[in-house]
1. Roughly what would the spin-label model give for N88 and N416, points 7 Å off Cα along C-beta, in nm?
2. Ranking request for peptides 98-111, 229-242, 331-344: highest mean number of other beta-carbon atoms within 10 Å first, then the rest in descending order.
3. How far is it, in nm, from the label point at E33 to the one at E54 when both lie 7 Å from their Cα along the line to the Cβ?
4. Using r as the Cβ-Cβ distance of S483 and V456, and R0 as 22 Å, what FRET efficiency do you calculate, to the nearest 0.05?
5. As an exercise, use a Förster radius of 25 Å and the Cβ-Cβ distance of M282 and M349 to find the FRET efficiency, rounded to the nearest 0.05.
6. For K250 and A506, what is the calculated FRET efficiency with R₀ set at 56 Å and r taken between the beta-carbons, to the nearest 0.05?
7. Quick one: length gained pulling L364 to A143 fully straight, 0.36 nm per residue minus the C-alpha distance?
8. Between K316 and K78, what is 0.36 nm times their sequence separation minus the Cα-Cα distance? Round to one decimal in nm.
Amino acid sequence: ATAVTEMLEKLGIKEINPAYSTGLNWGGQNNKEVREIYSPADGNLIASVRMATEEDYDAVIRKAEEAFKVWRTVPAPKRGEIVRQIGNKLREFKEPLGKLVSYEMGKILQEGLGEVQEMIDICDFAVGLSRQLQGSTMHSERASHRMYDQYHPLGIVGVISAFNFPVAVWSWNAMLAAVCGDVTVWKPSEKTPLTALACQHIIRDVLADNELPEGIFSVIIGDAKIGSAMAHDVRVPLVSATGSTRMGKKVGEAVGARLGKSLLELGGNNAIIMTENADIEMALRAVVFGAVGTCGQRCTSTRRLIIHDSIYNDVKARLLKIYPNLPIGNPLSDGTLVGPLIDKDAVEMFTNALDAVQKEGGKLLIGGEVLEGEGYESGTYVTPAIVEAKNEYHLVQEETFAPILYLIKYSGSVENAIEIQNGVKQGLSSSIFSTNMLETEAFLSHWGSDCGIANVNIGTSGAEIGGAFGGEKETGGGRESGSDAWKVYMRRQTNTINFGRELPLAQGIKFDF
Ligand code: NAD
């Protein structure tokens, strides 16, 4: 538990076991329901966290409403200054926070640190953005009239996040929302509450130093009940929800029924196409990182590899040489590339999916074992699997959040590969490996990939914060992070100003009386 102790000591958090108690406004004060948190890395109990009740939730929302009245009056560049300070604090805590992410969630340390770096980067991006929340001006058809549009803050942004990016996804939302003048209420995954509480400590100090109310950023530790309360709550004009498509459908429906706004970042079923013109060495690096990195628990993980029949056997043979040598082990140890799955339920889901796909006709080529013995006491370590399959198999059509790579053969032109790639319900990330410009441009064209992310000679996994992130179809259609994703956190207002002494009506209408 050294990562936990180190981080919590640095943050001055003392009491985490048996019941987390902070005296802050993040809920959990009235409830006796406690959830035990075990590290997937070593199976140790690392904390017991009180789960918030609906009354706790209500108290947090009321604090956030009060804080919004203050925050919206702060000029946007000054809000950016607060975000700059948050970014600096995150730089200070990068190492212990990255370790805690790795220990609580199970991703390897490099990725834990990378996740915190992403938070720092989005802070920098948001600081710049705080001076660029631009609307446009238009020419009025009426004399002595001026028209423009401007963007105003929305109010409370509810953020529901998934376990696999326990802190970065929150920061993508919260830092943009903050410069836009919104306040955020964050409901992290109930599987990763400690990293969320650590972030709240970091933020709380920055707000206190600047004599700002803590309700500008709140966190509430709870499960789907709290998420659902948020989705139904008219006091939350925007709900940004990251997680499974099953969750997104429920949240989208509840928010839609009250005509609120939702930003949905849901499951993916990402494919890499390797044409006969692929640089195979380069492609294999991307495929392996995409399929086994984060133990297959990224929304952008590579799930399907669509290979031209002329290179199929070669690619398959090379993958079967690489997989047995993947270092699987404690995510905090040097040299580990594949850490554990999040919990035993995930292990069961992984083995069940492999059984089911084999019943459908899939051929398991390698992997699929649950590891036991020294270093694997948590029971959450598995060997990544490769399965020869057909795109239409039921299991291939679904996202299994674990390291299973389906090999799918295609023949003929790239159009056939694109059809397979698009032939699933999800539409998050996609990529093509080819050095032939006709193929790569076809893939990026309006009849090419139907995903929110389409890459050439880069894998499906991982994205930079500068671009808008998200996907189509059952991935939910939301976009967050870079580009103009900030607009969803604001309401647009069109203004017309008459600086003449006449009142001409639009469209030349005469209305004389
Ligand atoms: P999950 O759907 O089980 O949970 C995600 C969050 O939703 C949690 O905070 C959970 O408490 C909450 N939740 C669950 N049911 C709810 C309901 N009915 N109402 C309101 N809130 C509810 O997902 P998970 O297992 O934590 O994460 C894995 C999934 O997340 C995968 O499908 C993955 O692809 C997806 N994901 C998507 C993105 C993206 O940006 N597209 C990023 C990360 C993860």
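Any read-out appearing in this document is the output of simple, stated calculations on the displayed coordinates, not a laboratory observation. This one's a predicted model, so the numbers in the text were calculated from it and none came from an experiment. So basically every Cβ, Gly included, is an ideal-geometry build from the backbone, and we count neighbours across all protein chains shown.
1. Using points 7 Å along Cα→Cβ, the separation is 6.0 nm.
2. 98-111, 229-242, 331-344
3. Taking the simple label geometry, E33 and E54 are separated by 1.1 nm.
4. That gives a FRET efficiency of 0.75.
5. After rounding, the FRET efficiency stands at 0.20.
6. Step by step, r from the Cβ atoms, then E = 0.85.
7. Extra length available between L364 and A143 comes to 72.3 nm.
8. Length difference between fully extended and current span is 80.2 nm.
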